[in-house]
Every structure is written in C-alpha cells, then in structure tokens.
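Heads up, the thing below is written out as structure tokens.
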Amino acid sequence: MSEIRTLAEHACFGGVQSFHEHTSDVIGLPMRFGVYRPPQAAHGRVPLLFFLAGLTCTEETFATKAGAQRHAAEHGLMLVSPDTSPRNTGIAGATQAWDFGEGAGFYLDATQAPWSRCFLMESYVTQELRESVLRNFPAVPDRIGIFGHSMGGHGALTLGLRHPALFRSVSALAPICAPMQCSWGRKAFTGYLGDDTSTWAEHDATALVKLGARLPGLLVDQGLADKFLDEQLNPHLFEAACREAEQPLTLRRHAGYDHSYYFIASLMADHIAHHARALA
C-alpha cells in the first residue's frame, strides 16, 4: 500500500483537520481524503466515522462547510472524508457532466468499460481507504460508522447495507434513496453497471432492504424545501420498504430546509450524536 502524503494540517477545536493524498492500488491513481483527529486521539484510539459527500464535491467540501469538527471533538470521533471519485482519469467524457464521471462516482464498483478501469469507489472506501486509515491514524477497527449527503447518502445507505460487518452505525442527509427510480441513478447505473437492470438492485438502498439486507436503526433527515426531493431523492419509497421489512428507521422531515450545506450543518450535531451513541 502506498505512502500517505500530508498536504495540509489545521488546528481545529482542540484537534487537527488534515488533508492527504496517496496513490491508490484499487483506483490506480492518486486519491485525496480528509481526516479530523479529535483531541482525544492524542491519548489513544477513537471511533471512526466516514462521511461520503455528494455530486460535484471533493474531500474538502464536508470539512469546510459542515461544521462537524466541533461535534466530533465533543464526542471523540475521528472523521474521514474521501473524494467523490477518481480525478484526472483520462477517460473521454469523464468531465463533461456534473452528475456522471469525475465528481460523481456513486460509491460503487463500475463493471463497464472504460469506467471499470478506475471507478471502483466501493472497494476503495470499504477496503483500501479504511485499511489505510486504520494503519496510519489512531482509530478503533471495530467501531466504525458511515454517513453521507445526497449521492453520499446513497453511498452510506448502500455500503452500510452491503457491508454490515464493517459499519456499526449508518445515517444519511437527503439521500438518493431509490436510484433505480430517478434520473441521476439511472444515468449512473447505465454508465457504470450497464443495461442489465437486474444488477442495479444491489446498489439501491430501497431494493436492498426489500431483498433482505438489514442494519441497526437508521437515521435519515430530509428537508421539505429540497428542490430534488420529488424527482431524485424519494425517501417515501425507502420509508415504505423499511416499514414493510421491519427495518428500524427514523426518517425526519424538516419544513423550510433545502439540499444545501446549510441544511447539513443544521442537523450535524444530531448525526454525530447518533453515531457516538452507537460507537460508544
């Protein structure tokens, strides 16, 4: 596994927010990620919480906009924020659309050429990045949670459902809950996974619950002024699937809140506390 290079470090709420780069063996390209080490990490290992960001975001977006470090410092949680896709891939068309290609990896392993060469974000997050963080930072290996926003909320739900042994806590903010039923998801799945829709269900949170995947209690927050709510996010479909399957879910709807990081920051304390209780 390649050496991690530190790009920047900033003192933050008694801890350290840092940004790093390494050459990924899985992706085959340099990948960047952020790490927040709370003050408790100076004295021993602490629980680890992954945040998966949404379309067009980078490894810095969450760290600079969500206001999460204050709450992570209070609860003693380490935060890790990977980039949302490989970069500088050289793949034709990889930067032409904001909702597909670079900046839009959808946290799955592509099976279709040319994307299958390096768009392997599921393996990167759940295997290589997780192992690299555990090797180089003071995190507890069996106390790991995952959450995310929008495309990253989709990633948190699906990776949590697909890898229940890895993640003890899962939550999401305005997630793409049923990507098979929206244009963002259909575009990504067609490009990355191909036209055989029978393979898509393995990366759709609503479908996974219907297929029998289970987790401890999930927390999902959704703003009712979110312009993507009706056409792209479909939390009601996920809610119905969880109810029928008796999958524990707390789905909270918030009047007046949109899809932005103003919404994310407003709910961040609740999500950090949710994970802190599960990872304690």
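Taking segment 61-102 as the range and being among the charged types (D, E, K, R) and part of a loop (DSSP other than H, G, I, E, B) as the test, the residues that pass are 83, 87, 99, 102. State whether one or more residues within segment 215-222 are more than 18 Å from residue 155 (Cα to Cα) and not hydroxyl-bearing (Ser, Thr, Tyr). No, the conditions are met nowhere in segment 215-222. Filtering segment 35-55 to residues that are part of a loop (DSSP other than H, G, I, E, B), of a type outside the set (Lys, Arg) and over 13 Å from the mean Cα position of the chain (by Cα) leaves 38, 43, 44. For the residues 131, 122, the requirement of being among the charged types (D, E, K, R), assigned to a helix (DSSP H, G or I) and open to solvent by 20 Å² or more (accessible area, probe 1.4 Å) singles out 131.
Scanning segment 162-192 for residues that are open to solvent by 10 Å² or more (accessible area, probe 1.4 Å), within 25 Å of residue 118 (Cβ to Cβ) and among the hydrophobic types (A, V, I, L, M, F, W, C) yields a count of 3.
Kindly establish whether residue 165 is without any contact (Cβ under 8 Å) to a residue 40 or more places away in the chain and small (Gly, Ala, Ser). It is true that residue 165 is without any contact (Cβ under 8 Å) to a residue 40 or more places away in the chain and small (Gly, Ala, Ser).
Residue 32 fulfils the conditions (1) part of a strand (DSSP E or B); (2) open to solvent by 10 Å² or more (accessible area, probe 1.4 Å); (3) in contact with a Phe, Trp or Tyr (Cβ under 6 Å, 6 or more places away or on another chain) except for a single criterion, (3). With the checklist (1) open to solvent by 40 Å² or more (accessible area, probe 1.4 Å); (2) within 25 Å of residue 50 (Cα to Cα) in hand, flag the one item residue 240 doesn't pass. Every listed condition holds for residue 240 apart from (2).
One line per residue, one yes/no per condition, for (1) open to solvent by 10 Å² or more (accessible area, probe 1.4 Å); (2) closer than 21 Å to residue 29 by Cα:
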residue	(1), (2)
52	no, yes
55	yes, yes
58	yes, yes
63	yes, no
73	yes, no
77	no, no
82	no, yes
90	yes, yes
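Residue 251: within 30 Å of residue 63 (Cβ to Cβ), out of contact with any Gly (no Cβ under 9 Å at 6 or more places or on another chain), open to solvent by 20 Å² or more (accessible area, probe 1.4 Å) and among the hydrophobic types (A, V, I, L, M, F, W, C), yes or no? Yes: the conditions hold for residue 251. Among residues of segment 235-253 that are of a type in the set (D, E, K, R), those with a beta-carbon under 7 Å from a residue that is outside any helix (DSSP H, G or I) and surrounded by 18 or more Cβ atoms within 10 Å (Cβ to Cβ) at least six positions away or on a different chain give the pairs 239/249; 252/221; 253/222.
Before we move on, is residue 247 out of contact with any Pro (no Cβ under 8 Å at 6 or more places or on another chain), modelled with pLDDT of 95 or more, under 13 Å from residue 157 (Cβ atoms) and not hydrophobic (A, V, I, L, M, F, W, C)? Taking the combined requirement at face value, the residue satisfies it.
The values are calculated or read from the model by the stated rules, or taken from the named source; none is laboratory data. What you are looking at is a predicted structure, and each value in this text was computed from that prediction instead of being measured. FYI the Cβ positions are ideal-geometry reconstructions off the backbone, even for glycines, and counts take in every protein chain you see. We work out accessible area using only protein heavy atoms, side chains counted, and drop any ligands, DNA or RNA first. Shrake-Rupley method; radii C 1.70, N 1.55, O 1.52, S 1.80 Å.
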